[in-house]
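For reference, the structure discussed in these notes is given below.
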Amino acid sequence: MSAPGALASGHLLAVAGLGGLFSQPFMQHAFVAGSGIALASGLAGYFLVLRSQVFTGDALSHVAFTGAMAALAFGADLRLGLFVGTVGVALLIGLLGPRGRADDVVIGNVFAWILGLGVLFLGVYTTSRATSNSTGGIGVLFGSIFGLSDDQALVALGLGVMLGAALVILARPLLFITVDPDVAGARGVPIRLLGLVFLALLGGTAGEATQAIGALLLLGLLTAPAATALHSTARPFAGLALSGGLALVEMWAGLVLSYLVPDLPPSFCIMVMAAGGYAAARLVVPARRDRTTSGSDAR
């Protein structure tokens with residue numbers, strides 16, 4: 001076959017593959033759940049990066065693993081362990097830190113303790129219950145968005161929308177206590193309470209996102225779209241919207257890529273898109289700023 005013929009054939013195969021994208025129930029469920037998860041992750045991640053609490057997100061990724069393994073070890077619903085663990089520990093490290101923010105020393109100590117518990121629950125699970133659900137631990141680490149049922153997808157969408165809505169409602173006071181906490185405190189803004197509420201929302205988002213991309217890659221979904229948005233614009237509300245939008249687009253693009261190339265896991269594809277978006281912003285945005293500056297100087 002000639003080169004043009006091969007290219008045309010490849011194009012037709014790609015179109016045919018995309019044509020059947022939404023005819024598969026597992027892809028429908030993935031897009032429904034992924035949309036809610038991405039929206040919440042993009043919005044929560046924006047404040048996570050803006051408030052310099054990325055280490056908190058890293059800790060919660062390990063908490064998600066420990067909570068899920070605890071649920072599996074004791075025969076409970078995996079999602080129960082995810083949410084109880086991530087929200088509970090997020091609030092704990094917030095209560096132990098100043099102004100509802102966890103400091104690095106607190107996170108480091110909780111981190112070590114949580115990892116120890118994770119090893120314990122992993123041992124219990126593999127010795128007593130792994131025969132009934134041998135892939136449970138792998139799903140927690142790397143995500144299983146293509147394995148969600150219709151009910152699980154709808155729950156994920158609903159929770160994602162609720163978490164995202166709560167973050168949008170709290171956006172203005174959260175920005176205030178982040179940018180100028182002293183003035184916010186002087187004006188009577190409940191800094192500690194808002195900090196704890198944000199951590200609870202972040203914990204819920206972490207628990208939800210673990211189902212999509214797993215505990216190991218959770219931090220990337222929280223930080224990459226947010227870092228891209230912060231690098232692209234200095235306007236906070238525009239950045240918040242951009243972070244949520246980027247997370248959605250990168251989630252959808254990753255799912256499409258994984259569908260077209262079945263050998264690539266969806267969590268990997270999602271993170272490729274997120275990392276690629278950040279890399280593109282680092283390369284393109286400075287060039288635009290340089291051109292704008294040069295044009296101003298010329299005038």
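For the reader, a short list of remarks on this structure follows.
- Scanning segment 254-287 for residues that are within 15 Å of the chain's Cα centre (by Cα) and hydrophobic (A, V, I, L, M, F, W, C) turns up LEU255, PHE268, CYS269, ILE270, MET271, VAL272, MET273, ALA274, ALA275.
- Residue in segment 248-266 that is crowded, with 22+ Cβ neighbours inside 10 Å, modelled with pLDDT of 95 or more, over 30 Å from LEU115 (Cβ atoms) and in contact with a helix residue (DSSP H, G or I) (Cβ under 9 Å, 6 or more places away or on another chain) present: no
- Which numbered condition LEU219 misses (of (1) in contact with a Gly (Cβ under 6 Å, 6 or more places away or on another chain); (2) of a type in the set (A, V, I, L, M, F, W, C); (3) more than 11 Å from SER41 (Cα to Cα)): (3)
- Spans of helices (runs of 4 or more DSSP H) in segment 120-237 with at least 3 residues hydroxyl-bearing (Ser, Thr, Tyr) and surrounded by 16 or more Cβ atoms within 10 Å (Cβ to Cβ): 191-232
- Assessment of segment 209-220 against the conditions (without any contact (Cβ under 8 Å) to a residue 12 or more places away in the chain and either under 26 Å from ARG79 (Cβ atoms) or charged (D, E, K, R) (or both)) yields no matching residue.
- Yes/no for ALA238 being hydrophobic (A, V, I, L, M, F, W, C), touching a residue at least 40 places away in the same chain (Cβ under 8 Å) and farther than 24 Å from PHE146 by Cβ: no
- Residue match in segment 167-177 (condition: among the aliphatic types (A, V, I, L, M), within 16 Å of the chain's Cα centre (by Cα) and either over 30 Å from VAL119 (Cα atoms) or modelled with pLDDT of 90 or more (or both)): yes
- Residues located in segment 63-81, provided they are part of a helix (DSSP H, G or I) and surrounded by fewer than 24 Cβ atoms within 10 Å (Cβ to Cβ): ALA70, ALA71, ALA73, LEU78, ARG79, LEU80
- Number of the exception - SER52 against (1) in a helix (DSSP H, G or I); (2) modelled with pLDDT of 85 or more: (1)
The values are calculated or read from the model by the stated rules, or taken from the named source; none is laboratory data. Here the structure is a predicted model, which means the values were calculated and not measured. Every residue, glycine among them, receives a Cβ derived from its backbone with ideal geometry; neighbour counts consider all protein chains shown.
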